[in-house]
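A quick write-up on the structure given underneath.
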Number of protein chains: 2
Amino acid sequence: MEVINIYKCLCDEQRLRILNLLKDGPLCVCHLMEILGSDQVKISKQLRYMKGMGLIAGERVAQWMVYRVAETDSPLLEENLKCLQDCAAERLGFARDSAHRKSLLAKLKSEPNACSSAILPFLQATS
Amino acid sequence: MEVINIYKCLCDEQRLRILNLLKDGPLCVCHLMEILGSDQVKISKQLRYMKGMGLIAGERVAQWMVYRVAETDSPLLEENLKCLQDCAAERLGFARDSAHRKSLLAKLKSEPNACSSAILPFLQATS
DNA sequence: ACAGCATATACCCTTATCAGCATATAAGCC
DNA sequence: GGCTTATATGCTGATAAGGGTATATGCTGT
């Protein structure tokens with residue numbers, strides 16, 4: 001994880017929101033779409049960008065892709081994700097996103113369907 | 001100072017080196033040129049970029065321009081400059097740059113010339 | 001006013017990002 | 001094998017960044 005590449009990922013609002021969500025645990029593309037209220041292509045491209053930079057990793061689970069913050073993460077990234085909680089949370093709506101993530105995961109647990117039963121084990125790995 | 005703009009400034013190696021130097025005190029363009037071993041236009045453009053983003057401020061002193069990290073700095077920028085000391089110092093040659101800065105300022109003090117006598121008071125304001 | 005130094009800006013070109021739209025791949029189900 | 005869902009990629013156009021060269025501006029000293 002190159003210093004410059006970390007910052008390149010951090011200088012986009014949508015990527016910051018994605019990282020803020022993933023830092024609490026893995027998510028799949030469809031969840032990110034729902035939480036961010038964005039479309040599939042945009043999300044996929046941002047994920048590819050960050051994967052190329054080494055910040056995140058993706059793993060296929062049946063027809064879904066589960067993304068997580070890369071294991072080999074640097075203190076720099078960690079520090080920033082932490083610091084952003086205080087510096088940018090309001091500005092970027094982190095609280096709203098995180099709450100949305102929580103309720104979405106709760107719904108997945110209480111109303112099982114194909115998706116939830118396949119990927120829930122993977123989501124719980126970290127969060 | 002917008003979060004995104006801070007990161008935009010941080011995602012270039014030369015700008016990181018400049019910020020690392022300025023965090024220890026103001027410098028003028030000619031010093032940055034010498035320390036970074038870069039040409040005037042490149043430095044000037046990076047300075048303008050960062051000034052536009054609100055990270056640094058410049059002040060004219062006679063025919064020189066003295067740049068410093070903007071007063072209204074955010075905890076995010078401060079944290080990063082601190083963290084970079086550990087995370088990127090070696091990779092980006094911060095130690096070399098800082099040593100170069102130190103010796104250059106020492107020379108300015110011991111061998112007064114037009115430049116040094118004009119701007120030294122401004123440099124000492126912070127460092 | 002002129003010359004000289006320090007710095008900034010304009011212009012051109014190349015490359016990187018980003019969005020929007022269409023299409024391809026991959027897995028699961030019938 | 002077709003159909004559906006989930007995700008990725010390709011293509012195009014727009015905008016931003018970054019390097020290089022030339023030129024403009026601002027200040028100083030004569």
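The values are calculated or read from the model by the stated rules, or taken from the named source; none is laboratory data. What you are looking at is a predicted structure, and each value in this text was computed from that prediction instead of being measured. Ideal geometry is used to build each Cβ from the backbone, glycine not excepted, and the neighbour counts take in all protein chains shown. Please note that ligands, DNA and RNA were not included when accessible areas were found on the heavy atoms of the full protein model with its side chains. Shrake-Rupley method; radii C 1.70, N 1.55, O 1.52, S 1.80 Å.
For B:Lys102, which aspartates and glutamates qualify as cross-link partners when the Cα separation must be under 15 Å and same-chain residues fewer than eight apart are set aside?
B:Asp24, B:Glu34, B:Glu111
Quick query: amide H of B:Leu27 versus all other amide H atoms, modeled in the peptide plane; which residues come in under 5 Å with a sequence gap of 5 or more or a different chain?
B:Tyr67
What nm value, rounded to one decimal, do you get for the distance between A:Lys42 and A:Ser116 when each label is placed 7 Å out toward the C-beta?
2.7 nm
With every protein chain kept in place and ligands, DNA and RNA left out, what is the accessible area per residue of chain A? Probe 1.4 Å, answer in Å².
48 Å²
In deg cm²/dmol, rounded to 500, what helix-only [θ] at 222 nm does the protein assembly as shown give when every DSSP H run of at least 4 residues adds -39500 (n - 2.57) and the total is split over its residues?
It comes out at -19500 deg cm²/dmol, rounded to the nearest 500.
Where nothing but the Cβ of Lys and Arg (+1) and of Asp and Glu (-1) is charged, how large is the charge dipole of the protein assembly as shown around its Cα centre, in debye to the nearest 20?
With only Lys, Arg, Asp and Glu charged at Cβ, the dipole is about 380 debye.
In Å², nearest 100, what accessible area do chains B and A bury in total when the solvent probe is 1.4 Å?
Values: alone 6950 and 6940 Å², together 12300 Å².
Result for this pair: about 1600 Å² buried.
On the accessible surface of chain B, probed at 1.4 Å, how many percent belong to carbon and sulfur atoms?
51 percent
Using +1 on the beta carbon of Lys and Arg, -1 on that of Asp and Glu, and nothing else charged, what's the dipole of chain B about the Cα centre, debye to 20?
Details: 17 positive and 15 negative charges, 62 e Å.
For this selection, approximately 300 debye.
Shortest first and in nm to one decimal, what separations exist between B:Ser103 and its copies in the other chains, measuring from label points 7 Å along the Cα-to-beta-carbon line?
6.2
Taking each label point as 7 Å beyond Cα in the direction of the beta carbon, state the distances from B:Asp39 to the same residue in the other copies, shortest first, in nm.
Reported distances to equivalent positions: 4.3 nm.
Taking A:Lys51 in one copy and the same position in all the others, each labelled 7 Å out along Cα→Cβ, what are the pairwise distances from the first, in nm, shortest first?
Values, ascending and in nm: 4.3.
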